[in-house]
1. Just a yes or no: is a residue in the stretch B:243-261 of a type in the set (A, V, I, L, M, F, W, C), within 30 Å of B:A45 (Cα to Cα) and touching a Leu at 6+ places or on another chain (Cβ under 7 Å)?
2. Considering only residues that are in contact with a strand residue (DSSP E or B) (Cβ under 8 Å, 6 or more places away or on another chain) and modelled with pLDDT of 90 or more, which ones fall in the stretch A:326-346?
3. Given the conditions (1) away from chain A (no Cβ under 14 Å); (2) free of Cβ contacts under 8 Å to residues at least 24 places away in the same chain; (3) surrounded by 17 or more Cβ atoms within 10 Å (Cβ to Cβ), report the number of the one that B:Q131 does not fulfil.
4. Please work out which one of (1) on the phi > 0 side of the Ramachandran plot; (2) surrounded by 12 or more Cβ atoms within 10 Å (Cβ to Cβ) is the condition B:E54 fails and give its number.
5. Residues of the stretch B:252-273 being in contact (Cβ under 8 Å) with a residue 60 or more places away in the chain and either under 25 Å from A:D257 (Cβ atoms) or in contact with a strand residue (DSSP E or B) (Cβ under 8 Å, 6 or more places away or on another chain) (or both), which ones?
6. Hey, among B:L12, B:L5, B:L66, which residue is more than 10 Å from chain A (Cβ to nearest Cβ) and either at pLDDT 95 or above or over 23 Å from the mean Cα position of the chain (by Cα) (or both)?
7. What is the number of the single condition among (1) within 28 Å of B:L73 (Cβ to Cβ); (2) modelled with pLDDT of 90 or more that B:L150 does not meet?
8. Which one is surrounded by the fewest Cβ atoms within 10 Å (Cβ to Cβ) among residues in the stretch A:225-264 that are touching a residue at least 24 places away in the same chain (Cβ under 8 Å), among the hydroxyl-bearing types (S, T, Y) and away from chain B (no Cβ under 12 Å)?
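The values are calculated or read from the model by the stated rules, or taken from the named source; none is laboratory data. This is a predicted model, so every value here is computed, not measured. No Cβ is skipped: glycine too gets one built from the backbone with ideal geometry, and neighbour counts run over all protein chains shown.
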Amino acid sequence: MRITRRVGAALVATALLSVAACGGGGGSGSGEGEVEVFTWWAEGSEKEGLDALVGVFEEQNPDLEFVNGAVAGGAGSEAKNVLASRLQTNDPPGTFQAHAGAELTDYIVQDDIEPISDMYEEKGWNELFPEGLLEQLDQDGEIYSVPSNIHRANVVWANPAVLQKAGVDPEATYASLDEWFAALDKVEASGAIPLSIATDWTQVHLLETVLLADLGEEAYNGLWDGSTDWGSAEVTAALEDYAKLLEYTNSDRQSLDWPDATQLVIDGKAGFNVMGDWAEAAFATQDKEFGTDYVTFPVPGTDGVFDFLADSFTMPVGAPNPGATEAWLDTVASAEGQTAFNKAKGSIPANTEADTSDFGPYQQTAIESFQQDAIVSSLAHGAAASVSWLTDITAAVSKFGSTGDVAGLQEGLVSAAEQHLES
Amino acid sequence: MHHRLKRFGPPLLLISPTIVLVGVFVYGLIAVNVNTSLTDRHTRAPAEGYVGLENYQALFSDDTFLFSLRNLLLYTAAFLAGALFFGFLWAWLLERGARGEGIFRTIYLFPMAVSFIASGVVWRWLLNNAQGDRASGLNRLLGSLGLDFLQTSWWTHERWGILAIAMPAVWQLSGYIMALFLAGFRGVPDELREAARMDGASEWRMYRHVVFPQLSPVALSAIIIIGHMSLKVFDLIMAIAGQSNYTTQVPATQMWIEFTRSDYALSAAIGTVMLLIVAVLIVPYLVATYRQERSR
């Protein structure tokens with residue numbers, strides 16, 4: 001009897017253990033009237049933007065409940081891993097954030113998201129968004145997401161005080177990279193860092209603007225559909241310009257992330273920095289005055305081109321509550337939603353009807369360019385190439401950062417393009 | 001039969017959860033991993049078929065992967081040599097009766113309590129490669145000591161950058177190795193030392209011929225412990241250099257990169273290669289221990 005009791009206790013312990021081991025799984029399952037919005041906007045100006053958007057959503061849809069599914073960390077890479085596993089187990093959120101454009105390819109191929117061209121048609125969104133943007137969103141005749149905001153990638157941020165000290169006119173504009181090199185030389189001679197840069201992805205960011213400057217808009221677009229040859233002499237020339245630009249940069253780039261590189265310009269330690277216009281928030285929060293404390297201009301050679309990236313929201317296949325998701329997308333597309341979100345985040349609305357009268361002076365210039373300029377897709381931010389292609393390009397650029405071998409860089413880029421264009 | 005059940009039943013029942021869990025979550029998943037590495041699952045979609053050893057061929061013809069294997073080898077060699085050297089040295093000094101042994105032991109052992117991620121964040125700053133005016137961390141220290149010529153690019157060095165990552169690892173684990181060796185020293189009976197002294201051996205010869213030989217099992221354990229930790233290095237590199245930095249690529253960081261872009265077959269192949277590398281170190285050790293225990 002004693003033994004059986006002991007056996008019984010052991011059995012209970014075993015059962016408990018296995019329950020503990022298997023627990024913790026299972027989906028949350030959004031009920032009626034809920035929409036879970038999955039983003040990586042967990043802090044800073046991104047969080048403020050999301051909060052503002054949620055405010056508009058709750059006003060427009062008092063019956064629906066917003067559930068924040070934000071996952072922080074790694075500039076979105078943590079969130080993407082979590083998302084991948086949720087999609088795999090058929091537990092999609094109500095909607096998720098993704099960069100508009102080629103980054104969506106993977107989700108489309110896996111049938112994770114629904115095409116929403118009909119929704120565009122029905123709700124008249126085709127008239128709300130500029131045509132150039134719709135073209136970039138188009139994937140084989142269908143649109144899969146609703147852009148919430150627009151950022152510009154090809155922007156140079158400069159510190160006028162540093163430039164003046166080096167004998168460079170802060171108001172000068174540069175028609176080409178060659179003209180810019182002369183200014184960079186002067187800044188270097190003055191003892192400041194001519195061009196500040198940070199870790200690998202910011203180097204890809206710089207490379208993309210150089211490719212755009214040297215190849216021009218059309219050939220740059222051709223890089224992503226195979227009509228421009230990555231192995232061509234023009235690309236070699238661009239890569240050489242990139243190599244030359246890299247020589248003007250701070251040696252500790254690998255240890256920095258973009259806010260550090262932008263901070264070098266803010267602190268007057270560096271003359272120029274190439275960064276997307278989310279950098280505006282860094283200047284604004286430190287009470288810097290646009291035009292006096294910092295100036296901006298398009299990367300030399302890319303004037304008249306708007307290198308865009310956009311965050312967007314999707315309609316996942318099997319979303320728990322499609323009606324609620326549609327309501328969320330409605331708010332995202334609406335003029336009120338876009339105004340509230342972008343004012344807080346520091347980006348500009350994709351919706352041309354959004355009220356932008358009280359946006360900041362930099363944002364006003366971006367709004368103007370966005371309406372006039374040719375629009376191209378950013379590489380470093382998921383608009384131009386799929387995630388996997390971008391990973392290969394980043395690896396090649398990172399390798400180049402330590403070896404300085406231009407031919408090797410081009411070889412890496414060519415083989416990456418071959419691999420991803422055929423598939 | 002009933003008798004046997006009485007004898008073996010309860011113990012078997014008690015260890016069965018462990019057997020089941022280890023069977024499923026360790027060996028089962030290793031099998032799944034190897035299986036995935038033989039397929040063409042390069043996206044999140046299910047695999048379409050088996051491709052044999054194609055993924056492994058792709059890996060071993062990839063310069064970057066060979067570079068990261070070389071990095072792993074360099075890192076392991078530096079980590080092992082450094083940790084064993086300092087661990088042994090400190091243990092010997094304490095064993096010789098340094099004053100304040102308790103304090104030193106604590107100080108040396110403390111770094112081990114810090115996670116690699118936490119110390120990595122600090123070392124990221126210490127090993128900043130800016131030189132001259134903007135130098136920070138160790139380069140700044142060298143600069144202010146007038147040793148500017150010693151400032152280096154640390155982990156961003158094109159060829160030897162990985163060795164800089166071994167510095168924090170050595171710093172963190174030397175204390176642990178010291179504790180191991182100290183226990184080894186204390187395990188040598190005083191009678192043996194006295195006998196050696198009686199026979200007229202000098203202090204050095206006593207250590208050389210009586211004490212050190214008895215430390216070899218400890219040294220072997222230390223090599224195994226440090227070695228298998230070193231072959232799995234990931235967190236320290238992620239904290240200091242980040243995943244995409246070229247100079248500090250090792251198989252684990254490459255596995256992570258492939259995983260995050262949903263190339264599951266390739267990342268599974270890298271995982272299998274890593275498992276094999278660790279097995280080369282661990283299996284002979286396990287076999288040797290098993291034999292020893294049986295002969296006892």
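1. So in the stretch B:243-261, the residues of a type in the set (A, V, I, L, M, F, W, C) come out as B:250, B:252, B:255-257, B:259.
Next cut, within 30 Å of B:A45 (Cα to Cα) only: B:250, B:252, B:255-257, B:259.
The next check asks that each one be touching a Leu at 6+ places or on another chain (Cβ under 7 Å); those that pass are B:250.
Yes: one or more hits.
2. Filtering the stretch A:326-346 for residues in contact with a strand residue (DSSP E or B) (Cβ under 8 Å, 6 or more places away or on another chain) gives A:327-329, A:332-333, A:337-338, A:341-342, A:345.
Scanning the stretch A:326-346 gives A:A327, A:W328, A:L329, A:V332, A:A333, A:G337, A:Q338, A:F341, A:N342.
3. Of the numbered conditions (1) away from chain A (no Cβ under 14 Å); (2) free of Cβ contacts under 8 Å to residues at least 24 places away in the same chain; (3) surrounded by 17 or more Cβ atoms within 10 Å (Cβ to Cβ), the odd one out for B:Q131 is (1).
4. (1)
5. As a first pass, look at the stretch B:252-273 and keep what is in contact (Cβ under 8 Å) with a residue 60 or more places away in the chain: B:253-254, B:262-266, B:268-273.
Within the stretch B:252-273, B:T253, B:Q254, B:S262, B:A265 qualify.
6. Values: B:L12 fails: more than 10 Å from chain A (Cβ to nearest Cβ); B:L5 fails: more than 10 Å from chain A (Cβ to nearest Cβ).
The unique qualifying residue is B:L66.
7. (2)
8. The extreme case among them is A:T236.
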